[in-house]
Structures are given as C-alpha cells and as structure tokens.
Amino acid sequence: MNNRPELFRGNRIFLACIYWAFVLYVFVPLILMVLMGFKDSKFIGFPIRSWTLDWYTGVFADAEVISTFGYSVAIAVLSTLISIFVGTWIAVLLEGRKFTGRGVTFGLTVLPALVPGIISAIAFRIYARYLGIEPGMGAIIWAHAVHNVPFVVLVVMARLSTLPKSQIEAARDLGADPLVAFMRITLPYLVPAILGASIFCLLLSFDDFVRSFFLGGYDPTLPVLIFAKLRSGMSPEINAIATVALVLTAAIGIWAERFTRRMNKEN
Amino acid sequence: MTYDASAEREGRPGARPAADPTFWGRLTGWGPYHVLMRIATASPRRQFAILAAFPILWVLTQHLGPMLQMLRVSLTDAYPVAPGVEQSFTLENYARFFGDSIFWMPFFRTLTFAAVFTFCTLVITYPVAYFLARHVSRRNQMLFLLLLLIPFWVGEIVRTYAIMILLGNTGAVNMVLRFFGLIDRPIPFMYTSFSMGVGIVYLTALYMLLPLYSALEKLPKSMNEAAADLGAGAWTRFRRISLPMTIEGISSGCTLVFLISTGFYATPILLGGPSTTVFAETIAGFFHVAGDEWPTGAAFATIMFAAALVITAAFQRLMNALRKGDRT
C-alpha cells in the first residue's frame, strides 16, 4: 500500500481495471465451459435455452470415464510417491553442502522442468524403449515422476534452508546417528514442504497431457481421453467430464494453498 | 548410561544409547543396524558417498539419460535396429530438416509464435503484477494472487477446450458481438494464429506473472514517490525506475514462457489450423508411423531444443547487458 495514495490515484484506478479485466480473461472461459455442460442440446454454442443434468448422469454412468478417472489418479499417486522420495533425497544432498560438481548436479536436477513439453515427451519415449519399458501405466508413472522431481527439490530445498542447524547438532551430540537424526528431526521439519510438493506433483501428473499421450498404451488418462473426444467433435458430454476434472483439481489446489499457509504460520 | 558424545559425533560410536522403547530406539539398539551404521559413517567421505551416490546416479540416468539417448538416436540411420543389420552413424536426419520447407517452415513459425506470444504475455501480465505488488494492501495481496492461481490448477486440455468454446463461431465472443449488433455473421476466430495466441497466453500467463510479481514486490516504494516528487510522470517513472529494476523478473519470466510455448502440442492442434502447424506436430508425426522414422524425429527434437536453448541464452545475455548498462 502506498503511504501517500493520493499521489498515484489515477494509476491505481487504471491498473485496477486491468487487473479485473485479467481476472475476467482467466475465469470467463472456464465459467462458460462449465455452463455448457448443462445445456440441453448436443450442439455446442450460445445461447443456452434449456438446461439439463443429463450429461452429468451420463458421465457418472459411463464405465470408461470412471475407469479412466481411477487410472489417472493411480498414476498421479504412484508417480508423486517416487518424485517425493527422490526429490527429498536430492534436496538433502544439495542444500547447504559444498562439493565439486554441485553446480552441475543442480543444473541436471532442474533440467526436466526446463525441457519444452513435446521434446521431453519424445526423449522419454525413446529412452523408455531403450530401457525396455513398454508404453503404458509404468512408462507414464516413470515419466511423470522424473518430470516432477525438480519441483520437489526446489520446494524442499527452500524449506531445508530454514532448518535450525543446532537441532541436528543437538541430536547428534545426544548420540543419534545421521539416519536417525534425519528421520526424527529433518523429516518432520520438512513435512509441510513435502505435503505442498505432493499436491503440486499430483496436480501436474493428473493434468499432464503430452507425456501421457506419447507414453500411454491403449488406456487413456483423463486429459488424453478428453483430447481424443475433442478430436471427434465437441459435445456437452466433454464439458461434463472436464468440469468434474476442473472441480476436483481446483478444490485440491485451493485446499493445498490454505493448508500450506496454515502450516507456514504455525512454524 | 555413559557414553562419549564426541566419539559418537566423530563416527566412532562409543557405548550404545540406553534402551529406548520407540521404533528408532529399538532400531539403533539392534545389532546388525549398529554394525551397518558404523561401516557407513566410518569416515565423512564415505558418509558423503552414500548420501550422494543415489541422487547423482538418478540425475545422470533419468534426467540426462533421455536427452543423450535422443541425441544418439538422432545420429543413427535406423532405430530400433532390425536384427542382423549393422547400425551406422549418419547426419542425414539433420540434413533432411534443411532440405524441405515443409520441415523448416513450422520450425521458424514455432519460434516466431513463441516469441510473439511471450511478448504478449509480458505486456498483459506486467500491469497486473504491478497492481498486485504496488497497489494492493499486504493483507489482500495473497487473496488477489490466489484468485489468479485457481484457474492455474486446471489442466492444459480443459483450459484449451474452454478457449474453443469462447472463440467458436457460436461461441461467447461472437454471441456478444452479435447481440450488440456489431457484426452480422460470426467472425472466424478459431483455427487461426489468433485463437492459438489467446490459448497459449492463457496457459502461460502465470509463469510470467509470478516472477514479475516477486521482482516488483522487492522494489522500494520510496523510489517512485521520490521520482514523482521530482516531477516525473507515470510513464517516465515506469520507464526509468520500474522497468530497469525488474529486468531480472522479466528475463526469467520470458525465458520460462518461451520454453513452455515452444513445447505445446495439444493446444496448437486444437486451436490452430492448417496454416499454423507448429514444429511439435511435425516432430510428433515421426513417432506415429513405423519405427524407421524415429531417428528423424529425434534429430528434429534435438534441433528444436538446441534452438530454444540458444535463443533463451542469447536473450538472457542481452538482459544482463541491459541491466549492467543501466547501473553505470
């Protein structure tokens, strides 16, 4: 807040207009998409004259959609577990330690986050074949896990840098070996960061299209299913599926945001 | 219970800690664990090696490995190799790229689009970030930011579809324009570079907004006030203070958005048309057909990654030079 608001009043109103216009830009498409899922016609387009819940009942009765949903959730959960394990370990190695090759190791750690989507998907596809991993659930889990590791490392490193070193030293003085000191002091301290990173990984994996598309077998993940349906034509059924995915991801995102804020306040 | 704490710290466990009923107490009291831990912590060097081995192995095999393997495949004449056939190294896959405009046209189009969309994203999000950082009270800042973060949690495909509904011939924009009598027949927004731009800016805006916001937040407010007192107008203040002081945020935001924009695959397919084919679609084409084409696809992907890296590196150097030039 400006100490002397009268000075920048004109700017302020102008910028506020831009901000709210941007909020509209960000929200209106999603709101329209949700509304279209309630349209009582097969034809996508405005105006909407009559409303129905049929598309939703159809979606929840559709075994393919339900199983795809479960498939995506399973992939997200399993890849997140791997990312968290690996990412935390790398963060513990990198944070506050000086060794030859630390810079290179850090660079390689963040590499998967910087590779453009299509190139990352292609590289994983080639490497999966090289390793003998068949396209399918295992390949998608592996690709998502590798892709999400950098985000875990960055979040955990940030938290780790605020850990009071004296606590570890005290534990070591009292006879705890490095592993016990890690498990009983460092790890509990990292819990908020790990939970935050987990939510982030879950959403990244659940929303990912390009890696799932190139590494998937015959079973589609939810974004791949929506993409396939879109290619054969728009229909309110897709809106209903997309809305269910939207509500779920947004709800988890908001909850995680509040949760991590509360955790940060407590510490 | 007597034991030598300093000996313990130096890795020479003296006496074992007294029996501790917790899980960790029982584990440390367990003979085999004790022996293993003594071997592992025998020297700081060994301890470090045990800690470092897995992460370094992981980044080499999982982070670097796929890129190297892609590079290797791009230099071979056939992949996977048929049994009994000798695999030979070749640069032909790279030569193929320059030989046909059907390949390099989408390539330059992708880079141009990515640059233009990155610039659009910057211009659109800068005032938003400025407003958030400078004109919203601390208490509300998080709330205002969270409002923009919510759509960010929604996936790429769903948001692309939302743009399709917005811009379609019977979409919301055309409906509103018709309602006000501004047009007689719908404007064909869809399947053009315009619809693609709207979609890509929509998907990448937050990657720009967050670095800009954190750069602007650090900017001391007194500077703007001093400049205003000395008679500088809004435009001068922006050009002489805010812009030079946030070059780091601009640089990292643009780099991130540019790299992401070059990698989109589904969004250009859904929002673009035949005249806006991007290189991602060209690359993907080699992986949908028989395996023979994999080396070419790998070569094209390598070309694109190299180009994106060169451009972002040059851009960052330019930004650094600008920043240094401004300080002197």
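The values are calculated or read from the model by the stated rules, or taken from the named source; none is laboratory data. Because the structure is a prediction, the values reported are computed rather than measured. No Cβ is skipped: glycine too gets one built from the backbone with ideal geometry, and neighbour counts run over all protein chains shown.
Exactly one condition in (1) under 25 Å from the mean Cα position of the chain (by Cα); (2) closer than 20 Å to A:Thr88 by Cβ; (3) more than 7 Å from chain B (Cβ to nearest Cβ) is not met by A:Pro135; state its number.
Just one mismatch for A:Pro135, condition (2).
Being free of Cβ contacts under 8 Å to residues at least 12 places away in the same chain and either within 31 Å of the chain's Cα centre (by Cα) or in a helix (DSSP H, G or I) (or both) is the filter here; which residues of region B:173-193 pass it?
If the condition is that a residue be free of Cβ contacts under 8 Å to residues at least 12 places away in the same chain and either within 31 Å of the chain's Cα centre (by Cα) or in a helix (DSSP H, G or I) (or both), then B:Met175, B:Val176, B:Leu177, B:Arg178, B:Phe179 are the ones that fit.
Restricting attention to region A:1-29, report how many residues are among the aliphatic types (A, V, I, L, M) and modelled with pLDDT under 65. Working first, answer last.
Step one: of region A:1-29, the residues among the aliphatic types (A, V, I, L, M) are A:1, A:7, A:13, A:15-16, A:18, A:21, A:23-24, A:26, A:28.
Then keep just the ones that are modelled with pLDDT under 65; that gives A:1, A:7.
Residues in region A:1-29 being among the aliphatic types (A, V, I, L, M) and modelled with pLDDT under 65: 2 in total.
Being surrounded by 13 or more Cβ atoms within 10 Å (Cβ to Cβ) and within 14 Å of chain B (Cβ to nearest Cβ) is the filter here, so list the residues in region A:44-54 that pass it.
Matches in region A:44-54: A:Ile44, A:Gly45, A:Phe46, A:Ile48.
Which one is surrounded by the most Cβ atoms within 10 Å (Cβ to Cβ), of the residues in region A:23-43 that are among the β-branched types (Val, Ile, Thr) and without any contact (Cβ under 8 Å) to a residue 24 or more places away in the chain?
A:Val26
Go through region B:31-77 and tell me which helices (runs of 4 or more DSSP H), entirely inside it, have 1 or more residues that are within 15 Å of A:Ile122 (Cβ to Cβ) and at the interface with another protein chain (Cβ under 7 Å from one of its Cβ atoms).
So the answer is B:65-74.
Out of curiosity, is B:Thr118 more than 9 Å from chain A (Cβ to nearest Cβ), touching a residue at least 40 places away in the same chain (Cβ under 8 Å) and crowded, with 22+ Cβ neighbours inside 10 Å?
Details: more than 9 Å from chain A (Cβ to nearest Cβ): yes; touching a residue at least 40 places away in the same chain (Cβ under 8 Å): yes; crowded, with 22+ Cβ neighbours inside 10 Å: yes.
The answer is yes for B:Thr118.
Does B:Phe107 satisfy the condition of being surrounded by 15 or more Cβ atoms within 10 Å (Cβ to Cβ), under 16 Å from B:Ala306 (Cα atoms) and in contact (Cβ under 8 Å) with a residue 12 or more places away in the chain?
yes
Rundown of residues vs (1) in a loop (DSSP other than H, G, I, E, B); (2) over 17 Å from B:Leu270 (Cβ atoms); (3) away from chain B (no Cβ under 12 Å); (4) touching a His at 6+ places or on another chain (Cβ under 8 Å), yes/no style:
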residue	(1), (2), (3), (4)
A:Phe182	no, yes, no, no
A:Leu190	no, yes, yes, no
A:Ile194	no, yes, yes, no
A:Leu225	no, no, no, no
A:Met234	yes, no, no, no
A:Asn239	no, no, no, no
A:Thr243	no, yes, no, no
A:Lys265	no, yes, no, no
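Look at B:Gly285 and say whether it is surrounded by 19 or more Cβ atoms within 10 Å (Cβ to Cβ) and not polar (S, T, N, Q).
Considered against the rule, which asks whether it is surrounded by 19 or more Cβ atoms within 10 Å (Cβ to Cβ) and not polar (S, T, N, Q), B:Gly285 comes out as no.
Starting from region A:88-101, take each residue that is over 13 Å from B:Ala49 (Cα atoms) and list its partners that are of a type outside the set (A, V, I, L, M, F, W, C) and assigned to a loop (DSSP other than H, G, I, E, B), counting only C-beta distances under 9 angstrom and pairs at least six apart or across chains.
What qualifies is A:Glu95/A:Ser161; A:Gly96/A:Ser161.
If we only count helices (runs of 4 or more DSSP H) wholly inside region B:95-172, which ones have 2 or more residues that are of a type in the set (Val, Ile, Thr) and under 20 Å from B:Thr276 (Cα atoms)? Explain how you work it out, then say what you get.
Details: elements: B:101-135, B:138-152, B:156-167.
Output list reads B:101-135, B:156-167.
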